[in-house]
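A.B. asks: Below is a structure I'd like to ask you about.
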Amino acid sequence: MSEPDSLGPALLGRLPPEVGKPAYDRAALKPGIAHIGVGAFHRCHQAEYTDDLLASRFDRWGLIGINIRPPLLSQSLGRQDGLYTRLIRQNDEVEARIIGSIVRVVDSQDSAAPALDVLASSDIEMVTMTVTEKGYCHIPSSGALDLDHPDIAHDLANPETPRSVPGILARALELRMGSHGRPVTLLSCDNIASNGIILGNVVRTFAEQRGGKLPDWIAANVAFPSAMVDRIAPATTAADIDTVEKRFGYRDGAVAVGECFRQWVIENCFAGRVPRWDRVGASFVDDVTPFEHLKIRVLNGAQTTLSYLGVLGGFEHTSDAIADPLLAAFVRRMLTEETLPTLHAVPGISPTAYVEQSLSRLTNTAIRHRNHQIATDGSQKIVQRLLNPIRERLAKGESIALLSVPVAGWMAYLIKASARFGRAWPASDPFAARIAAIADRVGADSKALADAILAIDAIFDPQLAANATLRAHVVAGLEGLLSGDPMGFVAQVCAEPTDARLKQPARSA
């Protein structure tokens, strides 16, 4: 039996009719956008919106994909001339489409030089990025550049050979300033509230540390719009690649899988030309904040909650966790009773309907989103998803009995990855080693564990960490979630009447 053909330009004309194809001449496509971090989410989101735009109104907006961290693009997308299959999966339904908007791929793990050549090019007028929360090298509790971060220290000492995102961007802007001087928009597409502000903060601070003319040039020629992005796109599995081969008869090493739903809200703040993604479903708005708070606190808050409680309860995927009646009831009550009251009105969106839509999306059994994957880098996520709404509720004397549980869940998840607790699972988080060391030193004393972890001021603002109500809830949460019956503790919290929770005072130490 012969091997199936691999995806590439020569195969486009021979694909089955049910597989969608680029509706434009890729040979005529010129680059205008660079994207840093070409993972599954980018291929299911920004690259697809750009593909739609090129089909609707062809222009010089081809994408150059750059990876400064693994995996190597040349081993997947590069071999396929940037082509890949975007699968939409909804339970038993599968829809395939070839995305053609990526015209070139660049691996820049070993050296920043290939990335800098692209980013400094006068052809590039828009730089987008999905580099995860930790890629910004910022302090989660404040949003400021972490000058003690080893990559930042390296880049400030070696500015021409940077390895961090802020260092690479600052060097690219310096090269642009010294050559053609064309303006550029740097657009964060990561799940961080006020991501444009944080990106601007870290790049400007890095430039200011360098000194010279660059800070003034950035102020005049670079825009940092905020954006809210939304589509659930888990890591691609071997089963996803096999699905393409078995259903459609060709081999694709760069398959990306996502759900039907997608959303992109972008602050109308650009430097120079901008791709008109608003013509193909994105929204350009004056203020992204209400949209990002709704998404980050509701959908992402639910994902984070289900990931930690799901792992502790023995569930592998989000869809498995939310299929459990107890966890489904808990997360719905947390969102409706404690999260929604912290949100401002969003034009055209009913908050309660958004909660139900979000929870329904998480039940999709075809999206095999592993709880351990969602749990990655929780220290970078919980500030926006959980701690900010907790801070707002405490300021009003309102209950945090539900919102505090996933905070304790994040702690318990990292604690159980320590030697003291048998290394129940490997954990990927910038603070995993520090919390494991705390657990190994402190042992099983929930109060001592909580005290030591809450003292990490890069995550917990000291004023919030000192709040007696938060501390009491976190101690109780750790006690229950580290016990032999973590789901029994969740059931106990759920069983408490709403009135009892609402009467708990917010006391500050």
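Read the figures in this text as sums done on the coordinates, not as results from a lab. Since we're looking at a predicted model, the values are computed, not measured. All Cβ positions, even for glycine, are placed from backbone atoms using ideal geometry, and neighbour counts span all protein chains on display.
A.B. asks: What full-extension length gain, to one decimal in nm, is calculated for ALA345 and GLN492 as 0.36 nm per residue of separation minus the Cα-Cα distance?
C.D. replies: Contour length minus Cα-Cα distance gives 49.7 nm.
A.B. asks: So, one more: With a Förster radius of 51 Å, plug the Cβ-Cβ distance of ALA219 and ASP485 into 1/(1 + (r/R0)^6) and report the FRET value to the nearest 0.05.
C.D. replies: Given R0 = 51 Å and the Cβ-Cβ separation, E is 0.35.
A.B. asks: Could you pull out every residue, at least 5 positions away or on a different chain, whose amide H is within less than 5 Å of the one on PHE284? Hs are placed 1.01 Å off N in the peptide plane, and Pro or chain starts have none.
C.D. replies: Here ILE266 satisfy the definition.
A.B. asks: Let me ask something else. Calculate the FRET efficiency for ASP445 and GLN75 from the Cβ-Cβ distance with a Förster distance of 45 Å, rounded to the nearest 0.05. Walk me through the intermediate numbers first.
C.D. replies: Numbers: r = 48 Å, r/R0 = 1.06.
My answer for the efficiency is 0.40.
A.B. asks: Oh, and also: Using label points projected 7 Å from each Cα along Cα→Cβ, tell me how many nm separate HIS372 and ARG423, to one decimal.
C.D. replies: Modelled inter-label distance: 1.3 nm.
A.B. asks: Counting Lys +1, Arg +1, Asp -1, Glu -1, what net charge surrounds VAL229 among other residues with beta carbon under 14 Å of its beta carbon?
C.D. replies: On the way: positive: ARG43, ARG231, ARG262, LYS295; negative: GLU48, GLU133, ASP190, ASP230, GLU259, GLU267, GLU292.
Net charge in that neighbourhood comes out at -3.
A.B. asks: When the Cα centres of the range 208-263 and the range 30-56 are compared, how far apart do they sit, in Å?
C.D. replies: Computed from Cα coordinates, the inter-centre distance equals 7 Å.
A.B. asks: Along the Cα→Cβ direction, 7 angstrom out, place labels at ASP59 and ALA455. What is the inter-label distance in nm?
C.D. replies: 5.5 nm
A.B. asks: Once fully extended, how much extra length lies between PHE261 and ASP123, figured as 0.36 nm per residue of separation less the alpha-carbon to alpha-carbon distance? Intermediate values should be presented prior to the final figure.
C.D. replies: On the way: separation 138, 0.36 × 138 = 49.68 nm, distance 3.19 nm.
Using 0.36 nm per residue and subtracting the Cα-Cα distance, I get 46.5 nm.
A.B. asks: Calculate the translational D of the range 289-502 in whole µm² s⁻¹ from Stokes-Einstein, where the hydrodynamic radius comes from the Kirkwood formula applied to all Cα pairs, the temperature is 37 °C and the viscosity 0.692 mPa s. Walk me through the numbers on the way to the answer.
C.D. replies: Working: Rh = 17.1 Å.
The calculation lands on 192 µm²/s.
A.B. asks: Just need log10 I(q)/I(0) for the range 444-489 at q = 0.16, 0.17, 0.18, 0.19 Å⁻¹, Debye formula, equal scatterers on the alpha-carbon atoms, no solvent, rounded to two decimals.
C.D. replies: Ignoring solvent entirely, the Cα scatterers give -0.43, -0.48, -0.52, -0.57.
A.B. asks: In what order do TRP61, TRP425 fall by count of nearby beta-carbon atoms within 10 Å, going from fewest to most?
C.D. replies: TRP425, TRP61
A.B. asks: Above 43 angstrom, tally the Cα pairs of the chain and express them as a % of all pairs, no decimals.
C.D. replies: Values: 21979 of 129286 pairs.
The answer is 17 percent, as a whole percent.
A.B. asks: Please find the FRET efficiency linking ALA395 to THR336, where r is the Cβ-Cβ separation and R0 is fixed at 30 Å, and quote it to the nearest 0.05.
C.D. replies: Approximately 0.90, to the nearest 0.05.
A.B. asks: Helix by helix through the chain, keep the DSSP H runs that span 18 Å or more along the axis on Cα and average at least 1.0 on Kyte-Doolittle, and give those back in order.
C.D. replies: Sorted by number, there is nothing, because no helix extends far enough and scores high enough.
A.B. asks: Determine the sum of side-chain charges near ARG370: Lys and Arg each +1, Asp and Glu each -1, restricted to other residues whose C-beta is under 11 angstrom from that of ARG370.
C.D. replies: Details: positive: ARG368; negative: GLU316, ASP320.
With Lys, Arg at +1 and Asp, Glu at -1, the neighbours total -1.
A.B. asks: For the range 123-148 and the range 377-451, what is the centre-to-centre distance using only Cα atoms, to the nearest Å?
C.D. replies: A separation of 23 Å, based on Cα centres.
A.B. asks: Same structure, new question: Could you compute the longest span of the chain free of GluC sites (Glu not before Pro) located in DSSP loops and having at most 15 other Cβ atoms within 10 Å, not counting the site residues?
C.D. replies: The reported range is 317-509.
A.B. asks: Between ASP110 and ARG14, with labels modelled 7 Å along Cα→Cβ, what's the label distance in nm to one decimal, could you check?
C.D. replies: My value for the distance between the label points is 3.3 nm.
A.B. asks: Still on this structure, I have one more. Going through the range 181-265, which trypsin sites (Lys or Arg not before Pro) have at most 14 other Cβ atoms within 10 Å and a DSSP loop state?
C.D. replies: When the trypsin sites (Lys or Arg not before Pro) of the range 181-265 are filtered for loop state and at most 14 Cβ neighbours within 10 Å, LYS213 remain.
A.B. asks: Considering the zone a paramagnetic label at ALA153 would reach in this model (a point 7 Å from Cα along the Cα-to-Cβ line), which residues of the range 187-214 have amide N under 20 Å from it?
C.D. replies: Inside the label zone: 202-203, 205-211.
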